[in-house]
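The values are calculated or read from the model by the stated rules, or taken from the named source; none is laboratory data. Everything numeric in this text was worked out from a predicted model, so none of it was measured. As a convention, Cβ positions derive from the backbone with ideal geometry for all residues, glycine included, and neighbour counts pool all protein chains shown. Quick note on the areas: whole protein, heavy atoms, side chains included, nothing else; ligands and nucleic acids left out. Shrake-Rupley method; radii C 1.70, N 1.55, O 1.52, S 1.80 Å.
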Amino acid sequence: MAEAVFSIRPLQAGDHAGWQPLWRDYNAFYGRAGATALPEEVDRETWRRLLAPEEPVHGLAAVADGALLGIAHLLYHRNTIQIQDSAYLQDLYVAAAARGGGVARALLRAAAERARADGAATLYWRTASDNLVARRLYDQVAELADAVIYRQIL
């Protein structure tokens, strides 16, 4: 795809209809579809949190001609090794038709600018080890951390 003309801005209440299919496609990419799809109440609460000023969760949208091309969700949190918050880029997704046009790179740049402006000391994210297309971009804009992630479902 050739470079598209788009802008990056915070998610707005009127974006729900454009956000929802991107959110569902993002979740499907990570195996959360059909029988394993997130419950609708999780979708609703995620959207509510993204728009609530008191929440530590913030959303960005890449927009062209009123249509959402991509989304990024930031989550701020404290940590024990620095005074400033960290910003976790929990979700980043670009519509298939908009890929290759610089949207993901612009969302990453905007996420870093937003986190910096909000006083965060670091921005970090994770992706599937086999997400090679995304990792090519990530290798250009950030350093690969040496970490193994464990989780316990509670």
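Would you tally the residues in the range 38-76 being of a type in the set (G, A, S), within 24 Å of Y124 (Cβ to Cβ) and touching a residue at least 24 places away in the same chain (Cβ under 8 Å)?
Going through the range 38-76 one residue at a time, the tally reaches 5.
Is there any pair with a first residue in the range 98-127 that is at negative phi and a second that is open to solvent by less than 20 Å² (accessible area, probe 1.4 Å) and among the polar types (S, T, N, Q) whose Cβ atoms are under 7 Å apart and which are 6 or more apart or on different chains, and what are they?
A120/S86; A121/S86; T122/S86; Y124/S86
Condition first: open to solvent by less than 50 Å² (accessible area, probe 1.4 Å) and either in a loop (DSSP other than H, G, I, E, B) or closer than 25 Å to N131 by Cα (or both). Now tell me which residues in the range 63-74 satisfy that.
V63, L68, L69, G70, I71, A72, H73, L74, listed by residue number.
Can we say L89 is touching a residue at least 12 places away in the same chain (Cβ under 8 Å), open to solvent by less than 30 Å² (accessible area, probe 1.4 Å) and outside any strand (DSSP E or B)?
Answer is no for this residue.
Any idea how many residues of the range 75-85 are within 27 Å of A28 (Cα to Cα) and surrounded by 14 or more Cβ atoms within 10 Å (Cβ to Cβ)?
2
Mind listing just one residue for me: the one in the range 40-62 that is open to solvent by less than 20 Å² (accessible area, probe 1.4 Å) and more than 14 Å from the chain's Cα centre (by Cα) and, of those, nearest to I8 (Cα to Cα)?
Selected residue: A52.
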